[in-house]
Amino acid sequence: MSHPFDVLPSIPLKPGSSFGPETKPLAHAHRDSPAVTVMTDFRTVTPVTIDTEIPIDRALKKMKTAGVRLLFVTNDAYEIIGLITANDILGERPITYTQQTRMPRSNITVAAIMTPQRGIQVLDAATVQMATVGDIIATLHALERQHALVAKIDEETQAQTVIGMFSTSQISKLLGQDVMQGTPPAHSLAEIVEKIS
């Protein structure tokens, strides 16, 4: 049976070929490096998503398989309706939910313990472009979060598109130190916005 597709010609890989500067892994960063150097860019990395009705233990297994500690909860239109982290699943939320509802842990779904969309804070991509890694660390401390989403905001419609994410574990890996230790948090989110604007 023939197919209406063309077979593409192939050529030998030349010696000295590489992935190119766009895909070269960042080996090391500093607190004064541009913030974008430690951002997971969703324009090149596909975010890992999950449905609201999935049991939390399956969600945790998906995190382990994907090598992430956060899943985006999406609806049928692929809109972000919440977030769930490994800390949410392994922390107090399932215990509290079980005590309140008398539901066994095995029946608890993502919807029950996720952070809903209305509780999610994002950083403006335009502000992030001018920020340093140190600014992001201070922001994560101020928000008492291990992750911060980055959204591009359409000037005309004010619609938001999530284009990336900062993670304390990723930043710690690239800096070679635990960034959740030794950095005093700022007093308010307003101070952080003022500092990196």
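Compared with the direct C-alpha span, the chain from Thr46 to Glu144 gains 32.7 nm at full extension, assuming 0.36 nm per residue. Between Glu53 and Glu155, the simple label model (points 7 Å from Cα in the Cβ direction) yields a spacing of 4.4 nm. Between the amide H of Thr132 and those of Ala35, distances stay under 5 Å, these residues lying 5 or more places away or on another chain, with hydrogens modeled in the peptide plane. Placing a label point 7 Å from the Cα of Asp32 along the Cα-to-Cβ line, the residues of the range 114-147 whose backbone N sits under 19 Å from it are 129-139.
In the distance distribution for the range 35-196, Cα-Cα pairs more than 29 Å apart total 22 percent. Taking the square roots of 5 times each eigenvalue of the Cα gyration tensor of the range 39-104, largest first, gives ellipsoid semi-axes of 24, 14, 10 Å.
As an exercise, use a Förster radius of 45 Å and the Cβ-Cβ distance of Asn87 and Lys14 to find the FRET efficiency, rounded to the nearest 0.05.
On the way: r = 47 Å, r/R0 = 1.03.
After rounding, the FRET efficiency stands at 0.45.
Going down the table (Lys62/Lys173; Lys62/Lys152; Lys61/Lys173), which pairs top 29 Å between alpha carbons? Pairs exceeding the cut-off: none. Here the spin labels are modelled as points 7 Å beyond Cα on the Cα-Cβ line, and at Arg118 and Val162 they lie 1.8 nm apart.
Read the figures in this text as sums done on the coordinates, not as results from a lab. Because the structure is predicted, anything quoted here is derived from the model rather than measured. Neighbour counts are summed over all protein chains in view; Cβ atoms, including those assigned to glycine, are modelled from backbone coordinates with ideal geometry.
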